[in-house]
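Structure first, commentary second.
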Amino acid sequence: VVLVEGEAVAMVADTRGYEYRSVGAPQNEKVVRGPQEGFNENLRTNITLIRRMIRREDLICEFRQVGSGENIKAAVIYLKGTANPALVQEVKGRLARVDTRMVMNTGILEQLTEQHRLSPFPQLLCTERPDRAASHIMQGYVAVLLDGSPFANIMPTTLFALMASSEDIYLRQLPGSIIRFVRYMGAIISILLPGLFLSLVLYHQGMMSTEALSTVVASRKMVFAP
């Protein structure tokens, strides 16, 4: 409590402190080039990590209470004038519609705020890197931080954002483009090649070489052996 002589009111400041994990290297999204620091479980610390990278006055951070029972505090971070106002209102509306007593981390929050719950594809990007979250905020995305969770939810997400790596922004244009092209080709081949192999084995054995066909027959013989 701060008392000032001649004033009839006093100022009360909350100085309580809690133990929390210090800022360390990310555990899942490790990079060779780039900052070696990740989010922790303290909401204020995570906001500070983003503000250190985006030093602009139009960076908006709004606090919201999520949940009906515990009232977990969440932070909605976006760049005013860059993020679509309709997108910002949609994110705030989805957070306001969360009506549950247990919102312990961003994984639960993701399930409660996604629109198409039966979709097998992720509808938002989850990251533990402040630089990656700051990069998406600069592009017009909205980041949601939750107190007690070392991850940030980036809303919305696209296939290109999911296929991008945390280190792409630190590479030169030509090497980065080649790596992204190889990544897309690897994804396409991994999807199409198993189906092609099964079609050859089951219906078009004549298109396979004798060595490959004998290997397939030997492997199936071992499986169906009595």
Only one of Gln115, Gln123, Gln111 is farther than 24 Å from Tyr18 by Cβ, in a helix (DSSP H, G or I) and of a type outside the set (Val, Ile, Thr), namely Gln111
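Which residue out of Ile191, Ile137 is open to solvent by 60 Å² or more (accessible area, probe 1.4 Å) and in a helix (DSSP H, G or I)?
On the way: Ile137 fails: open to solvent by 60 Å² or more (accessible area, probe 1.4 Å).
Result: Ile191 is the single residue among Ile191, Ile137 that is open to solvent by 60 Å² or more (accessible area, probe 1.4 Å) and in a helix (DSSP H, G or I).
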Arg183 passes all but one of the listed conditions (1) open to solvent by 80 Å² or more (accessible area, probe 1.4 Å); (2) among the charged types (D, E, K, R); (3) assigned to a helix (DSSP H, G or I); the exception is number (1)
Here the residues within segment 147-166 that are out of contact with any Pro (no Cβ under 9 Å at 6 or more places or on another chain) and more than 21 Å from Leu59 (Cα to Cα) are Gly148, Ser149, Thr158, Leu159, Phe160, Ala161, Met163, Ala164, Ser165
Inside segment 67-108, the number of residues satisfying the requirement of being over 13 Å from Met155 (Cβ atoms), loosely packed, with under 15 Cβ neighbours inside 10 Å and more than 19 Å from the chain's Cα centre (by Cα) is 14
Asn46 vs (1) assigned to a loop (DSSP other than H, G, I, E, B); (2) surrounded by 13 or more Cβ atoms within 10 Å (Cβ to Cβ): all pass except (1)
For segment 11-43 the number of residues that are open to solvent by 100 Å² or more (accessible area, probe 1.4 Å) and not in a loop (DSSP other than H, G, I, E, B) is 1
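Kindly establish whether Val144 is out of contact with any Pro (no Cβ under 6 Å at 6 or more places or on another chain), under 21 Å from Val23 (Cα atoms) and either open to solvent by less than 20 Å² (accessible area, probe 1.4 Å) or aromatic (Phe, Trp, Tyr) (or both). Outline the logic, then answer.
On the way: out of contact with any Pro (no Cβ under 6 Å at 6 or more places or on another chain): yes; under 21 Å from Val23 (Cα atoms): yes; either open to solvent by less than 20 Å² (accessible area, probe 1.4 Å) or aromatic (Phe, Trp, Tyr) (or both): yes.
Considered against the rule, which asks whether it is out of contact with any Pro (no Cβ under 6 Å at 6 or more places or on another chain), under 21 Å from Val23 (Cα atoms) and either open to solvent by less than 20 Å² (accessible area, probe 1.4 Å) or aromatic (Phe, Trp, Tyr) (or both), Val144 comes out as yes.
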Across segment 93-147, the tally of residues that are among the hydrophobic types (A, V, I, L, M, F, W, C) and touching a Lys or Arg at 6+ places or on another chain (Cβ under 6 Å) stands at 1
Subset of segment 155-174, residues open to solvent by less than 80 Å² (accessible area, probe 1.4 Å), within 29 Å of Leu109 (Cα to Cα), in contact with a helix residue (DSSP H, G or I) (Cβ under 9 Å, 6 or more places away or on another chain) and part of a helix (DSSP H, G or I), comes to Ala161, Met163, Asp168
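Do we have Ser177 as in a helix (DSSP H, G or I), in contact with a helix residue (DSSP H, G or I) (Cβ under 7 Å, 6 or more places away or on another chain) and open to solvent by 20 Å² or more (accessible area, probe 1.4 Å) here?
Numbers: in a helix (DSSP H, G or I): yes; in contact with a helix residue (DSSP H, G or I) (Cβ under 7 Å, 6 or more places away or on another chain): no; open to solvent by 20 Å² or more (accessible area, probe 1.4 Å): yes.
So Ser177 fails the test.
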Taking segment 126-154 and keeping residues hydrophobic (A, V, I, L, M, F, W, C) and at pLDDT below 90 leaves none
Exception for Arg56 within (1) open to solvent by less than 40 Å² (accessible area, probe 1.4 Å); (2) within 21 Å of Gly140 (Cβ to Cβ) falls at (1)
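The values are calculated or read from the model by the stated rules, or taken from the named source; none is laboratory data. A quick note: this is a predicted structure, and the numbers were derived from the prediction, not measured. As a convention, Cβ positions derive from the backbone with ideal geometry for all residues, glycine included, and neighbour counts pool all protein chains shown. Just so you know, the surface numbers come from the protein's heavy atoms only, side chains and all, with ligands and any DNA or RNA stripped out. Shrake-Rupley method; radii C 1.70, N 1.55, O 1.52, S 1.80 Å.
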